[in-house]
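Here the structure is laid out as structure tokens; the discussion comes afterwards.
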Amino acid sequence: MTDGPVIGIVGSGGAYGRWLAQFFRERMGLDVIGRDVTCDTALSERELIERSEVLIFSAPIRITPDLIAEYVHIADGIEGDRLWLDITSIKSTPMAALLKSQAEVVGLHPMSAPPRGPTLKGRAMVVCEARLDRWRSWLQAFLSATQADCVQASPEQHDQAMALVQGMVHASHMAQGALWRELAPAVGGLAAIEPFHTVGYELDLTVTQRMLAGNPAIYQDIQFENPHVSPMLDRLVEHVTRLRDLVTTGDDDARTRMREDWLGDSATFFGDESLDRGSRRFERMAHLLADLGSADSLDVVLPQDSPGSLRALLSVFEAHGVSFDSIHSSRVSNGELRFRLGLPGDTSAAELAAAVARMQAEGIARLLSPDL
């Protein structure tokens with residue numbers, strides 16, 4: 001390892017703690033030690049504090065402030081030349097607890113689940129600087145290495161924004177999940193609804209399914225631990241109730257008010273430029289969903305991730321007269337570079353099989369699709 005600081009992680013065996021440990025070891029070449037608050041006895045709290053030059057709290061939201069307070073008490077001032085960070089979806093209470101220490105203090109919120117790839121490229125990271133001096137250069141190097149889109153905010157601004165970005169969005173999708181559970185069986189279940197799908201339906205259903213497949217404690221704490229969520233929910237209920245009342249009334253005046261209040265006034269607020277940008281983004285998502293949902297495709301991985309590898313892959317298919325409608329790439333957690341290759345409907349099965357066989361025989365790519 002390098003001469004950089006020793007990283008200590010206080011967590012509960014969560015995915016982000018594991019991702020951070022791997023990131024610091026593999027991307028920054030740093031020593032990482034840690035303690036699981038639920039079961040770890042190999043390293044005491046005091047030992048972790050003494051050995052960690054950068055200490056990161058990556059625990060469930062609801063226990064983080066008390067956990068930090070415990071470490072402040074145990075540290076008893078020896079942390080004065082260290083950097084303490086927290087990685088939570090709420091910032092005001094954890095940072096208030098951190099500021100009771102003698103350490104330099106910064107709050108972080110990566111705005112996504114731990115990525116499959118090695119960095120946070122393309123994802124936002126909220127950075128709340130509270131007390132930062134001698135560790136500034138190191139923090140900037142760390143943030144740069146994550147490749148995240150960093151945005152500066154105060155803890156209060158962050159929590160107010162999260163009531164909308166997370167609290168409102170999650171609440172809406174949890175409500176949708178409950179409605180699908182209650183109403184979908186009457187029309188045959190989700191499978192029966194699928195042929196009627198729209199792009200908006202697919203996007204909403206995907207987000208809801210992603211949430212339901214995740215850690216429920218995270219979504220619970222985002223609703224319960226942010227004081228700005230409850231007032232937001234009051235307003236959300238108010239708007240949905242008013243919409244229901246107008247629909248129940250059903251006359252021309254009610255229809256006009258709905259168009260004006262829920263569509264016209266909101267469109268004016270967003271503005272033409274924002275609406276145009278959103279429409280273009282929606283169209284891109286529609287094209288992407290269509291490409292990724294096509295049964296006529298191949299999923300391959302390039303074992304030699306180097307310049308020219310994709311060209312070599314494409315040349316094999318070109319030699320056999322096989323063209324592609326679309327090409328999409330992604331990098332997964334083990335570092336593999338995968339490609340999804342969309343095929344025209346009139347692709348020759350024989351030529352495709354020959355191209356795939358040659359591709360694998362020459363070690364250019366490995367087929368991931370279960371069938372051709």
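Once both labels are positioned 7 Å from their Cα atoms along Cα-to-Cβ, the gap between Ala130 and Gln220 label points is 2.5 nm. When the charge dipole of the chain is built from unit charges on Cβ atoms (+1 for Lys and Arg, -1 for Asp and Glu) and taken about the Cα centre, the candidate among Leu313, Ala191, Leu85 whose Cα reaches farthest toward its positive end is Leu313. Summing Lys and Arg as +1 and Asp and Glu as -1 over all other residues whose Cβ lies under 12 Å from the Cβ of Glu318 gives a net charge of +1. For the pair segment 59-131 / segment 211-285, the C-alpha centres are spaced 31 Å from each other.
Of all DSSP bridge pairs formed entirely within the chain, close to 45 percent run antiparallel. The length gained on full extension between Ala192 and Asp31, counted as 0.36 nm times the residue separation minus their Cα-Cα distance, comes to 52.7 nm.
This ranking places Thr347, Thr88 by how few other beta-carbon atoms lie within 10 Å of each, fewest first, which gives Thr347, Thr88. In terms of surrounding Cβ atoms within a 10 Å radius of their Cβ, Ile74, Ile222 rank from fewest to most as Ile74, Ile222. In this structure the amide hydrogen of Phe57, modeled in the peptide plane, comes within under 5 Å of the amide hydrogens of Val10, Leu85, Asp86, Ile87, none closer than 5 places in sequence on its chain. A cut-off of 5 Å between modelled amide H atoms, ignoring neighbours fewer than 5 places along the same chain, links Glu79 with Gln102. A value for Cα extents along the principal axes in Å was derived from the coordinates, and within the list (i) 65, 45, 35; (ii) 72, 69, 40; (iii) 70, 54, 38 it appears as (ii). Ordering of 118-124, 183-189, 166-172 by packing is 166-172, 118-124, 183-189, highest average first (other Cβ atoms within 10 Å, averaged per residue). Mean projected area of the convex hull spanned by the Cα atoms of segment 27-104, taken over all viewing directions: 5.4 nm².
P(r) tail, segment 7-153: Cα-Cα pairs separated by more than 23 Å, 27% of all pairs. By other beta-carbon atoms within 10 Å, ranking Trp135, Trp84 with the fewest at the front produces Trp135, Trp84.
Between Arg116 and Ile327, what is 0.36 nm times their sequence separation minus the Cα-Cα distance? Round to one decimal in nm.
Extending this stretch completely gives an extra 74.0 nm.
Relative contact order, whole percent, for the chain stands at 11, derived from Cα pairs under 8 Å and 6 or more residues apart. Label-to-label distance for Glu351 and Ala319 is 1.5 nm, based on points extended 7 Å past Cα in the beta-carbon direction. Structural size metrics of segment 294-367, computed from C-alpha coordinates, are Rg and Dmax of 11.7, 35 Å. For segment 158-249, the gyration tensor built on C-alpha atoms gives an oblate shape. Its axis ratio a/c (a ≥ b ≥ c) is at least 1.5, and a/b is not larger than b/c.
Bear in mind that the values in this text are calculations on the coordinates, not laboratory data. This is a predicted model, so every value here is computed, not measured. With ideal geometry, Cβ positions are generated from the backbone for all residues, glycine too; neighbour counts draw on all protein chains shown.
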